[in-house]
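No lab work stands behind these numbers, since they all come straight from the coordinates. Here the structure is a predicted model, which is why all the values come from computation and not from measurement. Cβ: placed from backbone, ideal geometry, glycine included. Neighbour counts: every protein chain shown.
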């Protein structure tokens with residue numbers, strides 16, 4: 001489970017623990033742990049995951065569409081088109097900003113909640129359960145709920161009007177700059193319960209005597225927290241940041257239900273573009289964007305995970 | 001070593017005086033946070049789902065003049081083709097989860113126990129799907145070539161391909177903490193690999209499989225993106241149905257029905273969660289066995 005102890009690249013046991021080498025490695029394993037156990041899983045992975053990914057590299061360079069039956073190579077035409085009308089750069093930018101904001105918000109919220117609800121009181125346990133409800137809800141539903149909440153004549157403005165005593169009619173979902181930020185915050189709202197659980201698990205694995213030792217050495221509670229306990233949370237941070245960042249790049253439901261990509265396509269993340277273009281029958285263009293998404297996530301995944309893991313090693 | 005994740009009895013640290021105020025303010029802060037942040041959106045769902053069409057035209061937080069939650073749920077159930085979509089969701093979710101858990105655990109056992117370069121490469125490939133996005137568009141083409149386009153079987157295969165990585169990541173990590181001696185004892189008694197896997201490894205995996213089940217169910221039950229590409233228009237699932245009716249004009253200005261639908265759709269997962277919350281939470285936080 002995501003204890004926060006495991007991370008995405010190196011399995012925990014492979015961290016050079018000396019006790020790992022039980023029994024003869026290699027030679028005897030063929031009989032006791034036969035390779036054919038891997039076959040069904042890898043067959044499925046190959047057909048339904050790797051093969052379509054390979055296809056991406058082929059069909060992004062064709063003129064595949066719903067308008068004609070044959071598929072011909074088209075070189076870099078799709079990319080040329082997407083570059084020239086600016087959608088490629090715009091969608092990429094929107095996606096990266098969205099993902100970075102989600103990672104930031106989700107971790108801030110999740111971490112804050114974990115610290116706030118750390119003690120096992122009756123109230124805290126109830127609050128944790130409540131924060132897990134959005135995790136279970138459909139992301140699409142979350143999008144619709146917030147769309148209703150944030151309409152110009154929606155409940156948020158009603159609440160603000162009641163508090164300030166004057167009519168508030170902010171079009172929360174009408175800004176080409178801030179709507180994206182709001183969408184990211186809502187994405188974070190949906191998933192913060194899960195981040196909270198992982199941070200809580202991380203906090204619980206830190207032995208009490210570590211903090212106690214720090215306190216005996218004269219550290220204030222503030223110091224004890226930030227310079228002793230927080231660095232020990234590094235594995236949980238790695239897991240949460242990497243999954244939030246890379247997961248939200250593949251986001252769709254919340255933004256689609258909230259804004260549908262608007263206003264003026266300012267929240268059109270890559271998957272919304274792919275969905276829209278696919279619906280128009282422009283399959284090759286959709287594939288080209290899908291390849292862009294794949295390459296971006298693949299290129300970002302390695303440095304992100306490496307940087308985060310480096311921080312763990314220092315601690 | 002067993003580490004109870006929640007409800008753990010922790011050693012009391014004598015509270016210093018400066019923390020007294022903060023400790024007393026904390027419960028108030030919790031309530032002050034939960035009510036607006038979670039209470040408002042959830043209340044909006046329930047209240048709006050209980051209103052008449054006229055009242056729900058512009059959803060607000062006021063309670064309905066007359067609660068008609070039951071009627072609205074019934075109306076959605078009939079008009080929104082919920083029974084068909086519910087069956088469609090089950091038809092896809094159950095086999096996908098079963099497949100992913102079985103094949104994932106089998107592969108994880110080998111990946112966890114073998115060593116060497118090849119194994120490391122295979123493991124990296126197997127878990128790459130956790131971060132890498134699936135190629136949604138070309139999957140459609142591939143399924144057409146395989147004759148699986150728009151079918152439940154194709155959808156199940158796609159979900160399996162996407163979520164095997166998650167299962168393998170978690171289960172492999174878990175098996176590495178299981179001592180090899182347990183297997184060896186069974187092997188001494190003459191058990192072959194299949195026997196060892198089925199009667200020694202699988203029973204030990206119960207906690208991690210329980211959590212993986214929840215996570216995968218969560219993803220697959222609520223998925224609309226992949227479903228749209230693979231079975232959109234051919235097979236109804238609950239989220240796909242919500243998406244289509246909310247997009248089409250049918251539910252335009254029918255917030256009460258959309259929110260009633262959301263409640264209907266979330267109930268199964270909420271029910272499972274309510275029954276098994278303690279186990280789920282301790283599973284996700286990895287408290288069970290270390």
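Here are the numbers for the structure shown:
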quantity	calculated
Rh by Kirkwood over Cα pairs, then Stokes-Einstein D for the range B:80-247 at 1.002 mPa s and 20 °C, µm²/s	124
Range of Cα positions in the range A:60-137 per principal axis (Å), largest first	65, 25, 14
Chain B - percent relative contact order, Cα under 8 Å, separation 6 or more	33
Order of B:108, B:96 under a 10 Å beta carbon neighbour criterion, fewest first	B:96, B:108
Paramagnetic reach from residue B:276 in the range B:90-110 [backbone N under 12 Å; point 7 Å along Cα→Cβ]	B:98
Principal semi-axes in Å for the range A:196-241 [√(5λ), Cα gyration tensor, largest first]	21, 10, 7
For the range B:159-207, convex hull of alpha carbons as volume per residue, Å³	78
Kirkwood Rh and Cα Rg combined as Rg/Rh, the range A:74-314	1.05
Overall Cα dimensions of the range A:48-93, principal axis frame, Å, largest first	29, 26, 18
Fewest-first sequence of B:255, A:36, A:226, B:77 by Cβ atoms within 10 Å of each Cβ	A:36, A:226, B:77, B:255
Compactness index (Cα Rg / 2.2 N^0.38 Å), chain B	1.26
Principal semi-axes in Å for the range B:15-156 [√(5λ), Cα gyration tensor, largest first]	44, 34, 13
Sites residue A:169 and residue A:104, calculated FRET efficiency, Cβ-Cβ separation with R0 41 Å, nearest 0.05	0.90
Over chain A, relative contact order from alpha-carbon pairs under 8 Å, at least 6 apart, %	29
Sorted by Cβ neighbour density within 10 Å, fewest at the top, the residues A:77, A:153, A:158	A:153, A:77, A:158
Cα Rg, Dmax, the protein assembly as shown, angstrom units	25.0, 81
P(r) histogram, all alpha-carbon pairs of the range B:189-283 included - 5 Å bins from 0, percent	2, 11, 15, 14, 14, 11, 10, 8, 5, 3, 2, 1, 1, 0
Mean ellipticity per residue at 222 nm, deg cm²/dmol - from DSSP H runs of n ≥ 4 across chain A, formula -39500 (n - 2.57)	-20000 deg cm²/dmol
For the range B:120-214, diffusion coefficient by Stokes-Einstein and Kirkwood Rh (Cα), 37 °C, 0.692 mPa s, µm²/s	209
Principal axes of the range A:177-315: Cα extent on each, largest first, Å	67, 28, 23
Per-selection Kirkwood Rh - the range B:77-170 (Cα, Å, 1 d.p.)	14.9
Radius, Kirkwood style, for the range B:28-83 when every pair of distinct Cα atoms is counted (Å)	12.5
Computed [θ] at 222 nm, deg cm²/dmol, chain B (DSSP H ≥ 4; -39,500 (n - 2.57); rounded to nearest 500)	-21500 deg cm²/dmol
